[in-house]
Amino acid sequence: MSVPEVQGSPMSDTTDLLPIPPPAMLKAVHRQMKELFVRYDALGLHESQTKRALFREIEEGLGDQLQIEEVLFYPAVESMKSSLAIDVVLKALRAHRQVKALLVEMRVLIGENESLDGKMDELQLCVLAHLREEEMEIFPHARALPPEILLDLGIAMGKLRERLRDKRGTLEGRATTPDPF
């Protein structure tokens, strides 16, 4: 089994990085997501601008995370070919669809200048349940992968995360740069 390639180059050729093991990398992101939800919950009723900014941060973090899991992490877990591993990944993908649908609904609310609070509660419940399930049901399968696969997977996940951040930074830079024509 091999880890899907990122930008056409095999990850095992990368020797200059010491990757974080994939479950530890995802656990760190889970902590960040939880902290963002706590920050949102601490905001008052009249802090809608701050809530919108924090929503965008949550949306970006979740978007990156969902993509990394769907493109690299889950396929690696499914490669174990155990019916249990495949079942927990399918369950996680259903949760991803639910999170994505909630994010779309929340973007509409922002466009209509409506409060995000009700949907944020729903998103938070959905995401926190998914994180718990992922840590309890998927991480044990991932830890059972051969060490070389975990190494390649960690490198690939780190590189994809950086590419997603770089791409977002480029798009944000374009949005704020005046058109010379």
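Here Glu114, Glu148, Glu133, Glu122 are screened, and the one residue that is in a helix (DSSP H, G or I), modelled with pLDDT under 95 and acidic (Asp, Glu) is Glu148. Number of residues in the range 44-53 that are surrounded by fewer than 19 Cβ atoms within 10 Å (Cβ to Cβ) and either in a helix (DSSP H, G or I) or in contact with an Asp or Glu (Cβ under 9 Å, 6 or more places away or on another chain) (or both): the value is 6. Go through the range 82-100 residue by residue and tally those that are among the aliphatic types (A, V, I, L, M) and not in a helix (DSSP H, G or I). So the count comes out to 0.
Give Ala76, Ala85, Ala95, Ala101 a once-over and let me know the one that is closer than 19 Å to Leu164 by Cβ and not hydroxyl-bearing (Ser, Thr, Tyr). Spell out the reasoning first.
Details: Ala85 fails: closer than 19 Å to Leu164 by Cβ; Ala95 fails: closer than 19 Å to Leu164 by Cβ; Ala101 fails: closer than 19 Å to Leu164 by Cβ.
The match here is Ala76.
Can you confirm whether the range 91-109 contains a residue that is acidic (Asp, Glu), under 26 Å from Val38 (Cβ atoms) and either in contact (Cβ under 8 Å) with a residue 60 or more places away in the chain or surrounded by 16 or more Cβ atoms within 10 Å (Cβ to Cβ) (or both)? Looking through the range 91-109, none of the residues is acidic (Asp, Glu), under 26 Å from Val38 (Cβ atoms) and either in contact (Cβ under 8 Å) with a residue 60 or more places away in the chain or surrounded by 16 or more Cβ atoms within 10 Å (Cβ to Cβ) (or both).
In the range 25-41, the residues that are surrounded by 13 or more Cβ atoms within 10 Å (Cβ to Cβ) reach residues that are aliphatic (A, V, I, L, M) and outside any helix (DSSP H, G or I) with C-beta atoms within less than 9 angstrom, at least six apart or across chains, in these pairs: Tyr40/Leu116.
The values are calculated or read from the model by the stated rules, or taken from the named source; none is laboratory data. Please read these numbers as outputs of a predicted model, since none were measured by experiment. Ideal geometry is used to build each Cβ from the backbone, glycine not excepted, and the neighbour counts take in all protein chains shown.
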